[in-house]
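All of the numbers you see were taken from the coordinates with simple rules; none came from a lab. As the structure is a computational prediction, the values presented were derived from the model and not from experiment. Neighbour counts run over all protein chains shown; Cβ positions are idealised from the backbone, glycine included.
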Amino acid sequence: MLLANATLPDGRRADVHIVDGLIASITAPGLPAADLDRRDLAGALLLPAFIDGHIHLDKTHMGAPLVPHVPGESVRERIAAERVARHAVPLPVEARATNLLRRLVANGTTRVRSHVDIDNDVKLANLEALLAVRERWRPWVDIEIVAFPQSGVVSEPGAPDLLDAALAAGADLIGGLDPEGFDHDVPGQLDIVFALAEKHGKGIDIHLHDGGETGGAELRDIASRTEALGLQGRVVVSHAFSLGDQSPESFARTADALARAGVAIMTSSPAAVPVPPVKALRRHGVTLFAASDNIRDCWSPFGNGDMLDRAAIVASRQEFYANDDLRLALDLATVEPARALGITGYGLVPGAPADLVVIDTPSAEEAVINRPPRKLVLRGGVVAAENGVVAEALPA
Ligand SMILES: [Zn+2]
């Protein structure tokens, strides 16, 4: 296949030649197209396909009638409400996850990391559903699964054994949740999480909403445990709101510890809480990326599985207005999550898999500003979606 007259993120025009699912060459326009499936992009923007490095495929209500949102003051109250409400959703996990994956792929995402609830109520049922969904969707999207203790590790009886079983059954990473704010036992939760990671040789992705100096101390604890176990590059902390709410001294100390330990930070950049300052953390050498998190579930009725929308939300929240900053917002949905998730051979480079998205816009900056439609999504050089419609090559 030849993608002719593409606009690259840096503004150059190029022809991109794809052979055997890989990018073979990126050259100035004018490559002869004899015997090639030639598609003239007429200057449309070409990006590596998006990566959504934090979603909850088992929680989404996508495709089901609206489930009224039940507000909760604390994380514990909201979890209690969710454990009731999730049994009232009239579609099984497989169907809802499929509906969301259809949106994700149509919008240009071909790699995701999904957390899956593991607790005494659902046990491994949601994991088993997502493992089946992952196999069905493998032609169009890579799905990493985090065994997520949404109801706590120490405070949920039996949770460590369930998490152990989830990792043995095929979960790729072990999760965690507010060791102080939820379990009120930082060493207790982190001992279990890191021991399970070591036992199964898997990475870690922890939800950390704990704010201020408490959250900062937890981040430094996570960083030192990461170094001690040699897990550099395999640990993510999601949210890490405390990074937006620490003294300058402890912010610098925490950022340096995260950078040294290779612990990456995910931010969805919600409006109502302090959020990690992306550019300040990057100056300390910390890897950050943007992701959707909750999409139309008990936690939020909003979200659409469009990483361009998420890039715009993060850009707006972080006041990314200059051209360099708008391109950084796109990087937070492409090359930065690839780095954080340890995805190698990614990007607009010869030899990388041809997972690509064509966006109907003349520049990277305007992609973030206007969030235009996706014309084409390629997965390993094969058309996965065109004009917002996913190709129906999936087995039933
Ligand atoms: Zn989450």
To the nearest 500 deg cm²/dmol, what mean residue ellipticity at 222 nm is calculated for the chain from DSSP H runs of n ≥ 4 alone, each contributing -39,500 (n - 2.57), summed and divided by the residues? -10500 deg cm²/dmol
Calculate the length of the line joining the C-alpha centroid of segment 256-327 to that of segment 61-75, in whole Å. 23
Which three semi-axes in whole Å describe the equivalent ellipsoid of the chain, each the square root of 5 times a Cα gyration tensor eigenvalue, listed largest first? 35, 24, 19
Against the longest principal axis of the chain, how steep is helix 159-169, in degrees 0 to 90 to the nearest 10, with axes from Cα atoms? 30
Taking H as built 1.01 Å from N, whose amide H comes closer than 5 Å to the amide H of residue 385, not counting residues under 5 places away? 377, 391
Angle, helix 212-228 long axis vs. longest principal axis of the chain, Cα atoms, 0 to 90°, nearest 10? 80
Which of 59/202; 59/279; 123/202; 123/199 exceed 25 Å between C-alpha atoms? The answer is 59/279
Exposed-loop cut sites defined as chymotrypsin sites (Phe, Trp or Tyr not before Pro) in DSSP loop states with at most 15 other Cβ within 10 angstrom; longest site-free run of the chain spans 1-301
Using modelled backbone amide H atoms (1.01 Å from N, in-plane), which distant-in-sequence or interchain residues come within less than 5 Å of residue 123's amide H? none
Exposed-loop cut sites defined as trypsin sites (Lys or Arg not before Pro) in DSSP loop states with at most 15 other Cβ within 10 angstrom; longest site-free run of the chain spans 124-396
So, in nm, how far is label residue 232 from label residue 198 when the simple model puts each one 7 Å beyond its Cα toward the Cβ? 1.9
Could you check the simple spin-label distance between residue 317 and residue 120, using points 7 Å along Cα→Cβ, in nm with one decimal? 3.3
Calculated FRET efficiency, residue 209 and residue 10, Cβ-Cβ r, R0 25 Å, to nearest 0.05? 0.10
Which far-off residues, 5 or more places away or on another chain, put their amide H under 5 Å from the one on residue 19, with H placed in the peptide plane? 24
Can you grab the distance from the C-alpha centre of segment 5-21 to the C-alpha centre of segment 86-105, Å, no decimals? 34
Expressed as an acute angle from 0 to 90° and rounded to the nearest 10, what is the orientation of the C-alpha long axis of helix 75-85 relative to the principal long axis of the chain? 70
